[in-house]
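Participant: Sharing a structure here in C-alpha cells format.
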C-alpha cells in the first residue's frame, strides 16, 4: 500500500515535469508527444489510485482516459491537421522559455500554497494529485495566453483538461456514464476545434492565430 | 408517469428530430419547415412543463438524472421562445447569407437544431458534472454557427469564442470536482444539485471557497463577465443574426443558470460572502460595458456590449439581499426576450443596408421602416425605457438595492445605466432618422413575422406581469436562497 502511494508521488512529479515540457516545447510534434506522455501519466496515476482504493470506477475512468486522450484525440489531431502538425516551424511565444519556466515554477508553488489549507488528515489520498492538478491548470492557462499558434493552443487546452482530471480522479469518482460523457465530450471539443483550425489555416495560410486582430473598437473599417 | 415529465424528454428531442431530417432529406424547404415545427413543439412543451412546475406537479423524468425546478423551467421557456423566433427569422434570413447554396443553408439548419438541443439539455440535468458536459456541448455545437460567414472576421470571432470559453469551462470543471469532493468527504454518494445544497453546510469552507472562485472565473468567462468578456462582442456580432439572438439572449443566461443553481451552496458556507463578490464583479462588468458601449462603430457590437452589461447586472442582483433574487430572475427573463428582439432588429438593418458600421447608415425610417421600427423598439427596450419589459425589471433591481440599503451600489448602477441608455439611443437614433443613405428594401416576410412575435412579450411584460409568470418567477427566486 505504502509502495503504491509513493509510486503515485513519483508519477505526480513526472506529470508536472511533462506539463512543463508540453508548455515550453518549440516544435508542434514534440508538444503533441508531450501531451500523449502527460495523458499516459494521468492514466498511470488513475490506475495506481484504483489499486490503492480498490475502486472499479477509477479503473473504468482509466480505460476511458486511455481511449479518449491517448488514442482518439491524438488520432483526430493527426487526421485533421496532418500538414500543420508536420510543419517544422518554431512555435512563437510572447515570453521566452527561461522566464516562462520561472513563472511556471511560481505557479506550481502557488498551487501548493492554495491547496495546503484544504488537506487535513482525512484528505491524504488527494495530497499529491490535487495541488499538481491545480498547478497544471494554472500553467496551462498561462501558456494559452502567451502562445500564438493554433495547434499549440488546442494542446494547451487539452493539457488543462488533463490537469483537472489529474486532480479529479483523486478527490471524486462519478458513475461510468458520467465519465464516458466527459470523455466523449473531450473528443468532440478536439474534433471541432481542429476543423476550425484547418479552416483558419486555409484562409490565413498559417495557424498563427495571433495575426487574427481585425475585430475591436478601433477606427471604423 | 405524468405527462409533463414525459414532455421533459420531448423538449430536447424535438430539435434532434429536426436535425436528423436536415441530415437525411436533401431539401432546404423541409429543413426550414421541420426546424420551425419542432421549435414550436418544444416551446409548447416548455410552457406545459413550466405551468405544471408552478402547480407543484411533475418536474422529474428520471430521478437523480433528469428533472427541473422552477428556475430550470423558466430557462426552458426562454430557450423555447427565442428558439422559435430564431427558427422563423432564419427562414427568410439564411438564404441571404448563402444565396444559391442550398447545401450550405441545410448545414446551417442542422447546426442550429443541434445547438438548440444542447441548450435545452443544460437545465434538464440534475447532476452538475453532466450539466458541465452539456455546457461544453453548447460551445462545441455553436462554433460553426459563429464562423458560418467564413470570413476572416468570423473565423477570428469563432476562434476566440472557442478557446476562451472552453478554457473557462475546464477551469469551472475543477471547481465542480472540488464541490463533489465536499460530498465525498461527507460520505454522500449522490451527486445532484440538491445533494450539494443539503451537504454544503458540512463541507470544509476552504474547499467551497476555492470551488466558488474557480466556477465564478470559469463560467464567468462564458457568461461574459469583465475581464473575461473580450470574446463576447466578437462572437455575438459576427454570427448570423438568429444565432446572435440565441447566444446573447439565452446562451449566456443558460451558463449563468449553473452559477445560480449553485448559489445556495456558496451562501451556505460561513465566512465566504459570495454576495460581496457578486456586487464587485457585477458592478465592474456593468461599468466597463457602459463605457465600452460609447466607443463602438458596429451596431451589432453595441448590443453585444449591452449583454455584458446585463450579465453584470444579473450577478450584481445576487448581492442585493432577498429581493435581489427576484430581481435577478426577472431581469434574466426580460433581458432574454428583449435582447433577441434587438438583434433581430439589427439583423434586418444588415439585410436592408449590407453594412454593420453605424456611421454609414441613416434615414432607415424612410428606406426600411419595418427594420427601423424593430431596431428602435429593440434599442429603447434594451436600454430600459418605459413602457417595455426591461424598465419594470430594472425598477425591481433598484428597489432591491434600496431595500438592502446598498445606496452606493444603487447610485453607481444608476449612473452606469444612464450612460448605457444614452450610448445606445444616440447610436441607434442617428441610424433611424435623417436623410436615407440606402434605397428602399422589402424584408422577407418571415423576418418581419419573427420580429412581430418577438415584440409581443417585450410590450406585454412592460405593462403587467401575468400571474402564472409571476408565480414562476417567485418560485425561481426562492431556489436561489
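Just so it is clear, none of the values below were taken in a lab; they were calculated from the coordinates. As the structure is a computational prediction, the values presented were derived from the model and not from experiment. Here Cβ is always computed from backbone atoms with ideal geometry, including for glycine, and neighbour counts include all displayed protein chains.
Participant: For the stretch A:111-161, what is the convex hull volume of the alpha-carbon atoms per residue, in Å³? Walk me through the intermediate numbers first.
Facilitator: Numbers: hull volume 3.0 nm³, N = 51.
Taking the convex hull of the Cα positions in the stretch A:111-161, it is 58 Å³ per residue.
Participant: Starting from the Cα gyration tensor of the stretch A:155-221, take the square roots of the eigenvalues, sort them a ≥ b ≥ c, and report rounded, prolate or oblate (rounded when a/c is under 1.5, otherwise prolate if a/b is larger than b/c, else oblate).
Facilitator: Here the stretch A:155-221 falls in the prolate category.
Participant: What's the center-to-center distance, using Cα atoms, between the stretch B:147-185 and the stretch B:237-260 in Å?
Facilitator: Cα centroid to Cα centroid, the span is 14 Å.
Participant: Which percent of Cα pairs goes in each bin when the distances of the protein assembly as shown are cut into 10 angstrom slices starting at zero?
Facilitator: Result returned by the calculation: 3, 16, 26, 27, 19, 8, 1, 0, 0.
Participant: Moving to a separate point now. Fewest to most neighbouring Cβ within 10 Å: what's the order for A:30, B:46, B:446?
Facilitator: Ranking A:30, B:46, B:446 by Cβ neighbours within 10 Å, fewest first, gives A:30, B:446, B:46.
Participant: Treating the angle as unsigned and between 0 and 90°, give the value, to the nearest 10°, between the Cα long axis of helix B:128-146 and the longest Cα principal axis of chain B.
Facilitator: 10 degrees
Participant: Take peptides B:403-412, B:25-34 and line them up by average Cβ neighbours within 10 Å, highest first, as a rough protection proxy. Let's see the in-between values first.
Facilitator: Values: B:403-412: 15.0, B:25-34: 17.4.
The peptides rank, most packed first, as B:25-34, B:403-412.
Participant: While we're on this one: Computed over the Cα atoms, what is the radius of gyration of the stretch B:442-481 divided by 2.2 N^0.38 Å, N being its residue count?
Facilitator: Taking N as the residue count of the stretch B:442-481, the ratio is 1.70.
Participant: Now for a separate question. Cα axis of helix B:407-432 to longest principal axis of chain B: angle in degrees, 0 to 90, nearest 10?
Facilitator: Roughly 20 degrees between the two axes.
Participant: Moving to a separate point now. Ignore the peptide's own chain and count Cβ atoms of other chains within 10 Å of each Cβ in B:468-477; give me the average, rounded.
Facilitator: 0
Participant: If R₀ is 51 angstrom, what is the calculated FRET efficiency for the pair residue B:453 and residue A:5, using the beta carbon separation as r and rounding to 0.05?
Facilitator: 0.25
Participant: A follow-up question, please. log10 I(q)/I(0), Debye, Cα-only the stretch B:407-481, no solvent, q = 0.15, 0.17 Å⁻¹?
Facilitator: So the normalised log intensities work out to -0.98, -1.08.
Participant: Hey, if you drop one equal point scatterer on each alpha-carbon of the stretch B:119-277 and run the Debye formula without solvent, what base-10 log of I(q)/I(0) do you get at q = 0.10, 0.18 Å⁻¹?
Facilitator: -0.37, -1.00
Participant: Output the Kirkwood hydrodynamic radius of the stretch B:90-141, Cα pairs only, in Å rounded to one decimal.
Facilitator: 12.2 Å
Participant: Can I ask one more? Return the inverse of the average 1/r over all pairs of distinct C-alpha atoms in the stretch A:5-48, which is the Kirkwood hydrodynamic radius, in Å to one decimal.
Facilitator: One over the average 1/r among Cα pairs gives 10.5 Å for the stretch A:5-48.
Participant: Moving on. Based on the mean of other Cβ atoms within 10 Å per residue, sort peptides B:91-104, A:14-27, A:93-106 so the most packed one is first.
Facilitator: A:14-27, B:91-104, A:93-106
Participant: Just A:182, A:170, A:150 to compare: in a GNM of chain A, with alpha carbon springs under 10 Å, which one fluctuates most?
Facilitator: Most flexible of the set in this elastic network: A:182.
Participant: Something else now. Counting alpha carbon pairs within less than 8 Å and at least 6 residues apart, what relative contact order, in whole percent, applies to the stretch B:340-416?
Facilitator: Rounded, it is 25 percent for the stretch B:340-416.
Participant: Another question, if that's okay. What is the percent of Cα-Cα separations in the stretch B:90-196 that go past 17 Å?
Facilitator: On the way: 3569 of 5671 pairs.
Of all Cα-Cα pairs in the stretch B:90-196, 63 percent lie more than 17 Å apart.
Participant: Just to confirm the number: angle between the C-alpha axis of helix A:97-115 and the first principal axis of chain A, 0 to 90 degrees, nearest 10?
Facilitator: For A:97-115 against chain A, the angle is about 40 degrees.
Participant: Go ahead and collect, in residue order, the members of the stretch A:172-216 whose backbone nitrogen is under 14 Å from a label point 7 Å along the Cα-Cβ direction of residue A:83.
Facilitator: Hits in the stretch A:172-216 for residue A:83 at 14 Å: A:197-208.
Participant: To the nearest whole percent, what portion of all C-alpha pairs in chain B is separated by more than 40 angstrom?
Facilitator: 14 percent
Participant: Then there's this: Given the -39500 (n - 2.57) contribution per DSSP H run of 4+ residues, what per-residue ellipticity at 222 nm results for chain A, rounded to the nearest 500 deg cm²/dmol?
Facilitator: One gets -24500 deg cm²/dmol as the mean residue ellipticity at 222 nm.
Participant: Quick one: P(r) of the stretch A:85-217 from all Cα-Cα pairs, 5 Å bins, percents rounded to integers, in order of increasing distance.
Facilitator: 2, 9, 15, 17, 17, 15, 12, 8, 4, 1, 0, 0
Participant: Please compute the modelled spin-label separation between residue B:101 and residue A:90, points set 7 Å along Cα→Cβ, answer in nm with one decimal.
Facilitator: 3.8 nm
Participant: Against the empirical 2.2 N^0.38 Å scaling, what ratio does the C-alpha Rg of the stretch A:2-208 come to?
Facilitator: My calculation over the Cα atoms of the stretch A:2-208 gives 1.02.
Participant: Kindly put B:291, B:303 in sequence by how many other C-beta atoms sit within 10 Å of each C-beta, fewest to most.
Facilitator: Details: B:291 13, B:303 31.
Ascending Cβ contact count within 10 Å gives the list B:291, B:303.
Participant: For the stretch B:274-481, what size does the Cα cloud have along each of its three principal axes, sorted from largest down, in whole Å?
Facilitator: 53, 37, 21
Participant: Take peptide B:168-175, look around each residue's Cβ out to 10 angstrom, count Cβ atoms belonging to other protein chains, and average those counts. Don't skip to the answer; put the middle values down first.
Facilitator: On the way: counts 1, 3, 14, 7, 1, 8, 11, 1.
Averaged over the peptide's residues, the number is 6.
Participant: Using alpha carbon centroids, what distance separates the stretch B:115-136 and the stretch B:367-402, in Å?
Facilitator: Cα centroid of the stretch B:115-136 versus Cα centroid of the stretch B:367-402: 30 Å apart.
Participant: May I ask for the Rg/Rh ratio of the stretch B:352-405, computed from Cα atoms with Rh as the Kirkwood radius, given to two decimals?
Facilitator: In the stretch B:352-405, Rg relative to Rh is 1.22.
Participant: So what's the gap between the Cα centers of the stretch A:72-134 and the stretch B:37-105, to the nearest angstrom?
Facilitator: 39 Å
Participant: I'd like the mean, over residues of B:355-362, of how many other protein chain beta carbons sit within 10 Å of each residue's own Cβ.
Facilitator: Values: counts 2, 2, 2, 1, 1, 1, 0, 0.
Shielding by partners across B:355-362 averages 1.
Participant: Kindly list the residues of the stretch B:312-331 that lie in the label zone of residue B:291, defined by a backbone N under 18 Å from the point 7 Å along the Cα-to-C-beta vector.
Facilitator: Within reach of a label on residue B:291: B:312-313.
Participant: May I pose another question? From zero up to wherever the largest Cα-Cα distance of the stretch B:44-141 sits, split into 10 Å bins and tell me the percent of pairs in each.
Facilitator: Bins of 10 Å from zero give 15, 38, 29, 14, 4, 0 percent of pairs.
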